[in-house]
């Protein structure tokens, strides 16, 4: 998301309304709270970069599945599958019950309630 988001088919209604709600609350947010949010966003961005770096490091013909263990909140939509798939040669998908493990594939945890 950029400072000037493009609305319409690029964002879901819920995401647009979250932005509207945030902008409406901006006058009420203290400088300390804003710095806290800024720090959390920076950490999230660093996490995304490390995930991309991880994905680039695997060869396309690796003879194993890569199981990723980490907590993903169900409160937010995760794009980790798309990030990893776009960053490297190995596709990524979220785990499903009774999923067959394939060679050269990232298997991600399903989001869970915090």
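Which residue is nearest to residue 89 (Cα to Cα), if the candidates are limited to the stretch 36-62 and must be out of contact with any strand residue (DSSP E or B) (no Cβ under 8 Å at 6 or more places or on another chain) and at pLDDT 80 or above? Please lay out each step first, then the result.
Narrowing the stretch 36-62 to residues out of contact with any strand residue (DSSP E or B) (no Cβ under 8 Å at 6 or more places or on another chain): 36-54, 56-57, 59-62.
With at pLDDT 80 or above added as a condition, the list becomes 56-57, 59-62.
Details: 56: 7, 57: 9, 59: 7, 60: 5, 61: 9, 62: 10 Å.
Among those that are out of contact with any strand residue (DSSP E or B) (no Cβ under 8 Å at 6 or more places or on another chain) and at pLDDT 80 or above, it is 60.
Determine whether residue 20 is at pLDDT below 80 and at negative phi.
Details: at pLDDT below 80: no; at negative phi: yes.
The answer is no for residue 20.
If you take the residues in the stretch 89-103 that are touching a strand residue (DSSP E or B) at 6+ places or on another chain (Cβ under 8 Å) and modelled with pLDDT under 85, which one is nearest to residue 78 (Cα to Cα)? Steps first, answer last, please.
First pass over the stretch 89-103, keeping only residues touching a strand residue (DSSP E or B) at 6+ places or on another chain (Cβ under 8 Å): 90-95, 99, 101-103.
With modelled with pLDDT under 85 added as a condition, the list becomes 99, 101-103.
Values: 99: 19, 101: 21, 102: 22, 103: 23 Å.
Residue satisfying both the conditions and the ranking: 99.
Among the residues of the stretch 60-114 satisfying the criterion of being touching a helix residue (DSSP H, G or I) at 6+ places or on another chain (Cβ under 6 Å) and assigned to a loop (DSSP other than H, G, I, E, B), which is surrounded by the most Cβ atoms within 10 Å (Cβ to Cβ)?
88
The values are calculated or read from the model by the stated rules, or taken from the named source; none is laboratory data. In this text the structure is predicted, and so the values were computed from the model without any measurement. Please note: Cβ atoms are built from the backbone with ideal geometry, for glycine as well, and neighbour counts cover all protein chains shown.
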